[in-house]
Structure formats: C-alpha cells, structure tokens
Amino acid sequence: MKVLETIPAALLLLLMKQATEIHLVRVTTDDGEVQIWLAATLREEAVGRVLEQIPEGWAVSLIQRQLAAEHIPALNMATGEVRRHLVS
C-alpha cells in the first residue's frame, strides 16, 4: 500500500498547499544555544506547533518581526509545516 493512499484527501490537500504565511520562532536550548524555527501556521499556533517538535524544557518565543511576503515562496514550505531554519 502506498503512503499517500492512507492519508485522507482533505488532509493531503492541506499538507501540499503552499504556505502563505510563515512565522519566526526563537528557541533556546538547555545549553543556551539559540535557534530560529519557521512555522507555516496561523500566528497564534506557531509557538505551540514548535513546542511539539522540540525537547521538553526548551524555551520558545514568537519573534515579532514579520517575514516579508516576497521571501515566503523561496522557503518552499507547505501549510502546517514546521522546521528549524538552518543558515548556510
């Protein structure tokens, strides 16, 4: 059985939809390292969604600065996606 066949169609469409808003979340690890995470969610959901992805006890805060709309397509994120931003 293919994986895509087990995902309900409505959820699959939501997952594949290109994000139109991405929020920046600052994460501080137990050892003081600061990371930036990206959340392609509603603003009020961003912190909670990042908390689901990181170890318990790490601190998170929503960065007030908005990501410019012209930068969003370059990130190639689907609606609902959350990931750590890695600077190259």
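The values are calculated or read from the model by the stated rules, or taken from the named source; none is laboratory data. Keep in mind that what you see is a predicted model, and the values were worked out from it rather than measured. Ideal geometry is used to build each Cβ from the backbone, glycine not excepted, and the neighbour counts take in all protein chains shown. The accessibility values were calculated without ligands, DNA or RNA, using every heavy atom of the protein model including side chains. Shrake-Rupley method; radii C 1.70, N 1.55, O 1.52, S 1.80 Å.
Descriptive notes on the structure:
- First in the stretch 19-33 and farther than 22 Å from Ala74 by Cα, second anywhere and of a type in the set (Val, Ile, Thr), Cβ under 7 Å, 6 or more apart: Val27/Val50; Val27/Ile54; Val27/Val60; Thr28/Val34
- One residue alone among Leu42, Leu38 is of a type in the set (A, V, I, L, M), farther than 11 Å from Arg83 by Cα and under 12 Å from the mean Cα position of the chain (by Cα), and that residue is Leu42.
- Boolean, Gln66 is open to solvent by 40 Å² or more (accessible area, probe 1.4 Å) and either modelled with pLDDT of 95 or more or of a type outside the set (Lys, Arg) (or both): yes
- Scanning the stretch 72-82 for residues that are surrounded by 10 or more Cβ atoms within 10 Å (Cβ to Cβ) and either within 15 Å of Leu42 (Cα to Cα) or more than 12 Å from the chain's Cα centre (by Cα) (or both) turns up Ile72, Pro73, Met77, Ala78, Thr79, Gly80, Glu81, Val82.
- Residue in the stretch 2-21 that is at pLDDT 90 or above and within 14 Å of the chain's Cα centre (by Cα) present: yes
- Taking the stretch 44-88 as the range and being within 19 Å of Val34 (Cβ to Cβ), in contact (Cβ under 8 Å) with a residue 40 or more places away in the chain and in a strand (DSSP E or B) as the test, the residues that pass are Val82, Arg83, Arg84.
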